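This report concerns only the one structure given below.
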Amino acid sequence: MGRITLEQAAAWCGGQIDPKYKDVVFFGAANDTRTIKKDQLFVALKGARDGHDFIDCAIEKGAAAILCSHCEADYPAIIVSDPRIALGDIARMERKHRNLKVIGVTGSVGKSTTKEMIYSILKTTYRTGKTPENHNNDIGLPMTILAMPDDTQVAVLEMGMNHFREMAYLSSIAQPDLAVIINIGTMHMENLGSQEGILQAKMEILESMDSKAPAIINGDDHLLWNVRHQGRRFLSFGAENPFADIRATNIENRQGGLSFDVTTGSTGFHVDLPVEGEHYICDALAAISVGIEMGVTIERIQDSLIEFQNIQGRQEILKVKGYTIIKDCYNAGPESMAAALKVLGNQPGRKIAVLGDMLELGVRTQAEHYRVGRFAAEVADLLLVYGPNGDRVLSGALTGGMTGDRAKEFKSQDEMANTLRRVAKPGDVMLFKGSRGMHMECVLEKFLEEKK
């Protein structure tokens, strides 16, 4: 990772330092003393707890310096009015000084999976870095840039937002050389008003890109397809749009994997993926498009995807005590919920859907939860729901033909886990899914605790 002096960082962010500490160097940044590493810059942010209260602890754990609005002790520190903004300023300048190609990845559903697929393809050819876990916001993205090793050639950066102008800010820091917009869904509609508003917010990723820098878009998404003439080169992918530049055909979705053929121009090749569900076609095509744009050979693209492993919590299929468990608790929206239920429906055995609320849907909240219930009734034998909108899921399921003994709403995770322990039998397939804030992984943990 880059070696940055306090003098340099202070100049980049307009901060003040004690001259005696100007030559102190740091490598990377962190805002949590539980995970901070030696010689990192500790960023004292104000959130649920004030990071300034942990400055002493950060120094004790080996932090090289502090980025803060005030510091009582005599520590190497950069004093700024807003540490959060200063962190972005430092990362922005570090990115400008690095010989680095940045791939920015955004979209409503599948950003993390697409980022992982792009990384798996590009690392076969380039020294590649990526966003860790879900560090895709105005804190995580700058820290990701500052953590990139000096020899990194390509950085794959996941970029998320839930308000207007947040993506523009992230783009000003990352300055992508290539943007990937995988879809326009309904997540964050609460803040953005409509799918057209979501499209507008996602398109902000282009604002800090060179006018000649290309964008890769989903040609099957009609909102994205209609923006492809906006004055730059757009490369499209799709499974349904015959006019897309990179297309998937002959799709075969089977238990344990997915396969399809790819056509681009006069070139065609076959792809095998060790994941279930046709929704992964979009993610894979986006990653393949990046690989082709970056000059990765077809053979390396094929080899990397056949060995692909998704990040923990994203549709992990586990075999535990005779049960098949689909753990998909990372996040949820209407599109990903429907995709996960479809995967559940394709499994052999009795199917149990254990679902939590989908958050940030605004005026679409009740309708989308009702739709999930209707779809769950088509694929699941049993439905267990948890959250403030569980009654709407239940209503949809009952309207869809489920009887009251097959669908039940819960007010607590303990009650849900207790019921699941009573009704589950070896051979059952269980899907656990909900928005991140619902913590559906806790229901799974409570269920498995009693099954040890």
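The values are calculated or read from the model by the stated rules, or taken from the named source; none is laboratory data. Small disclaimer: the values here were computed from a predicted structure and weren't measured. Glycine also receives a Cβ, built like all others from the backbone with ideal geometry; neighbour counts cover every protein chain displayed. For accessibility, only protein heavy atoms count, side chains too; no ligands or nucleic acids. Shrake-Rupley method; radii C 1.70, N 1.55, O 1.52, S 1.80 Å.
Worth pointing out:
One line per residue, one yes/no per condition, for (1) in a helix (DSSP H, G or I); (2) over 29 Å from the mean Cα position of the chain (by Cα):
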{"residue": "Q8", "(1), (2)": "yes, yes"}
{"residue": "T35", "(1), (2)": "no, no"}
{"residue": "C57", "(1), (2)": "yes, yes"}
{"residue": "E72", "(1), (2)": "no, yes"}
{"residue": "S81", "(1), (2)": "no, yes"}
{"residue": "A86", "(1), (2)": "yes, no"}
{"residue": "D89", "(1), (2)": "yes, no"}
{"residue": "R92", "(1), (2)": "yes, no"}
{"residue": "V105", "(1), (2)": "no, no"}
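- Close pairs from the range 340-354: first at positive phi, partner not in a strand (DSSP E or B), Cβ under 8 Å, at least 6 apart: G349/G427; G349/D428
- Selection status of E204, more than 18 Å from the chain's Cα centre (by Cα) and either in contact (Cβ under 8 Å) with a residue 12 or more places away in the chain or open to solvent by 30 Å² or more (accessible area, probe 1.4 Å) (or both): no
- Selection from the range 341-390 of residues that are of a type in the set (K, R) and open to solvent by 60 Å² or more (accessible area, probe 1.4 Å): K342, R350, R364, R371, R374
- The residue that is least open to solvent (accessible area, probe 1.4 Å), counting only those in the range 119-136 that are at pLDDT 95 or above and in a loop (DSSP other than H, G, I, E, B), is T131.
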